[in-house]
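Data first, discussion second: the structure below is written as structure tokens.
The values are calculated or read from the model by the stated rules, or taken from the named source; none is laboratory data. Source: prediction; values computed, not measured. Here the Cβ is made from the backbone with ideal geometry for all residues, glycine too, and neighbour counts use every protein chain on show.
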Amino acid sequence: MFHGHIHRPIFGLWRGIPYHVQRSLMHQVGFDRETAHQIAGTLEPPDYAFVRVAPEGLTIHQRSFLYDGPRFWLHDTTAVEGRFE
């Protein structure tokens, strides 16, 4: 099963049936299971997915876009120094 318009990425298994809820192309909704009277918005980037259905299985590739933060090579220690303190 594929669902949309939930604005949160959700994956699971219901009665043996796998499901995938795609994140929105527009605004995103924060993960909040406590507040019932308001909806929390976030600045998470939108994304889309490519779904490959084949006899041997199903593959879903998600791609976030509109991210304007830094990009660096993980093996380059000088690029990540001080970023995670």
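Remarks
- Of 81, 85, 56, all but one fail to be surrounded by fewer than 10 Cβ atoms within 10 Å (Cβ to Cβ), of a type outside the set (A, V, I, L, M), at pLDDT 90 or above and farther than 16 Å from residue 21 by Cα; the exception is 56.
- Every residue from the range 18-40 that is surrounded by fewer than 10 Cβ atoms within 10 Å (Cβ to Cβ) and among the aliphatic types (A, V, I, L, M): 26, 36
- Residues located in the range 41-51, provided they are surrounded by 10 or more Cβ atoms within 10 Å (Cβ to Cβ) and of a type outside the set (Phe, Trp, Tyr): 41, 42, 44, 45, 46, 47, 49, 51
- Of residues in the range 5-17 being at negative phi and surrounded by 12 or more Cβ atoms within 10 Å (Cβ to Cβ), the one farthest from the chain's Cα centre (by Cα): 6
- Some residue of the range 35-48 being in contact (Cβ under 8 Å) with a residue 12 or more places away in the chain, touching a Pro at 6+ places or on another chain (Cβ under 9 Å) and hydroxyl-bearing (Ser, Thr, Tyr): no
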